[in-house]
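The values are calculated or read from the model by the stated rules, or taken from the named source; none is laboratory data. Everything quoted here is computed from the prediction, not taken from an experiment. Here Cβ is always computed from backbone atoms with ideal geometry, including for glycine, and neighbour counts include all displayed protein chains. Each accessible area value is taken on the protein alone, full model and side chains, heavy atoms only, with ligands, DNA and RNA left out. Shrake-Rupley method; radii C 1.70, N 1.55, O 1.52, S 1.80 Å.
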Amino acid sequence: MQSVLNTVKGTALNVAEYLTPVLKESKFRETGVLTPEEFVAAGDHLVHHCPTWQWAAGDESKTKPYLPKDKQFLITRNVACYRRCKQMEYVGEETLVEEESGDGGWVETHHLNDDGTNRLDDKICELTLDESKDEMHTPESGKMSPITAVASDDDNEDDDEAIDMDTFEESGMLDLVDPAVATTTRKQDSETRPSCSTSAVMANGDSVLHTRTYDLHITYDKYYQTPRLWVVGYDEQRKPLTVEQMYEDVSQDHAKKTVTMESHPHLPGPNMASVHPCRHADIMKKIIQTVEEGGGQLGVHLYLIIFLKFVQTVIPTIEYDFTQNFNMS
């Protein structure tokens with residue numbers, strides 16, 4: 001049902017965009033919107049400071065007359081996406097730890113074991129006090145390796161004489177395996193090692209990190225008069241991801257709401273995931289006001305650099321933002 005509503009809304013907005021006149025006068029500081037000329041200037045600044053972004057012309061039949069033919073939209077390719085959004089989302093409940101100060105207390109979050117029990121409470125309960133030595137112990141403190149045990153015994157002895165190295169070597173202590181040292185085993189020769197196909201490994205559930213990649217586009221939305229971000233994803237074999245797979249890489253607060261599947265304004269083919277621009281101008285206006293209240297001034301050429309930073313909250317696992325830092329204070 002939501003997809004049907006998004007389709008109807010998208011069609012209506014396309015008609016509205018067609019009827020909306022091109023913005024000629026700058027209203028960047030007043031409302032946070034851009035003229036096409038300001039969009040091109042901000043794009044040139046982005047390309048200059050972050051060369052992974054480039055201008056693209058798109059399909060000739062979809063060229064917008066209010067933009068230069070060779071600067072219809074911006075594109076960056078093969079952006080890595082190592083994790084799914086659900087891997088970043090917290091599970092469990094928050095606990096109000098302290099409330100006596102009158103400030104509402106502070107919140108302790110997500111110190112849980114896999115079975116849902118509190119990991120910190122378990123550790124605290126395991127602590128014991130050795131009254132004879134005024135020392136705190138945990139169950140793990142009694143598990144010492146032979147080398148650790150020898151070192152502990154040495155601490156209890158008087159430092160009258162250093163251990164003779166020859167005697168220590170003859171005692172065989174050098175042959176002990178230090179648990180803190182990584183050990184390696186010799187790999188089997190390729191002729192004797194059993195072959196394993198990629199599909200078989202996938203079926204058995206391997207531990208290999210499968211990296212997705214995304215192509216990102218920034219277009220100019222004439223109706224909202226702001227930039228608009230588009231994303232299309234691929235798997236390791238460069239095969240396009242399905243719609244549901246792409247939604248896995250979108251914050252679940254925005255999937256199918258702020259991020260919808262729509263037709264690209266400059267390219268033919270299937271629909272692409274797009275971050276809806278209805279709130280972009282309001283967010284930018286607030287950022288402009290914050291900078292000016294701090295005594296600064298925000299140039300319109302920085303628009304796309306700031307835009308990419310606040311859109312990152314929608315697609316947090318797609319690691320595209322390597323632009324210059326921005327300080328609002």
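Some points to look at:
- Filtering the stretch 234-260 to residues that are within 19 Å of Val79 (Cβ to Cβ) and part of a strand (DSSP E or B) leaves Tyr234, Pro240, Ala255, Val259.
- Complete set of residues in the stretch 272-286 that are of a type in the set (Val, Ile, Thr) and open to solvent by less than 20 Å² (accessible area, probe 1.4 Å): Val275
- Residue within the stretch 213-234 that is open to solvent by 10 Å² or more (accessible area, probe 1.4 Å), touching a strand residue (DSSP E or B) at 6+ places or on another chain (Cβ under 8 Å), modelled with pLDDT under 90 and not hydroxyl-bearing (Ser, Thr, Tyr) present: no
- Failed item, numbered, when Ser274 is tested on (1) closer than 23 Å to Val22 by Cβ; (2) polar (S, T, N, Q); (3) not in a strand (DSSP E or B): (3)
- For the stretch 48-82, a residue qualifies if it is outside any strand (DSSP E or B) and surrounded by 17 or more Cβ atoms within 10 Å (Cβ to Cβ), and the qualifying residues are Cys50, Trp53, Gly58, Lys64, Leu67, Lys71, Gln72.
- Cross-chain or 6+ apart pairs with Cβ under 7 Å, the stretch 21-38 first and under 16 Å from Lys286 (Cβ atoms) and in a loop (DSSP other than H, G, I, E, B), then open to solvent by 60 Å² or more (accessible area, probe 1.4 Å) and not aliphatic (A, V, I, L, M): Gly32/Asp282; Gly32/Lys285; Val33/Lys27
- Candidates Asp59, Asp44, Asp70: the one that is over 21 Å from Tyr223 (Cα atoms) and more than 29 Å from the chain's Cα centre (by Cα) is Asp70.
- Qualifying residues in the stretch 242-271 (those that are hydrophobic (A, V, I, L, M, F, W, C) and either modelled with pLDDT under 95 or crowded, with 20+ Cβ neighbours inside 10 Å (or both)) - the one nearest to Lys62 (Cα to Cα): Met261
This table checks each residue for (1) within 20 Å of the chain's Cα centre (by Cα); (2) charged (D, E, K, R).
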| position | (1), (2) |
| --- | --- |
| Val232 | yes, no |
| Asp249 | yes, yes |
| Gln289 | no, no |
| Tyr303 | no, no |
| Phe307 | yes, no |
| Phe310 | yes, no |
| Pro316 | yes, no |
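- Flag if Asp321 is of a type outside the set (Ser, Thr, Tyr), open to solvent by 30 Å² or more (accessible area, probe 1.4 Å) and at pLDDT below 95: yes
- Here the stretch 302-316 is the region considered, the condition is being in contact with a Ser or Thr (Cβ under 9 Å, 6 or more places away or on another chain) and more than 18 Å from Val47 (Cα to Cα), and the residue that is most open to solvent (accessible area, probe 1.4 Å) is Thr313.
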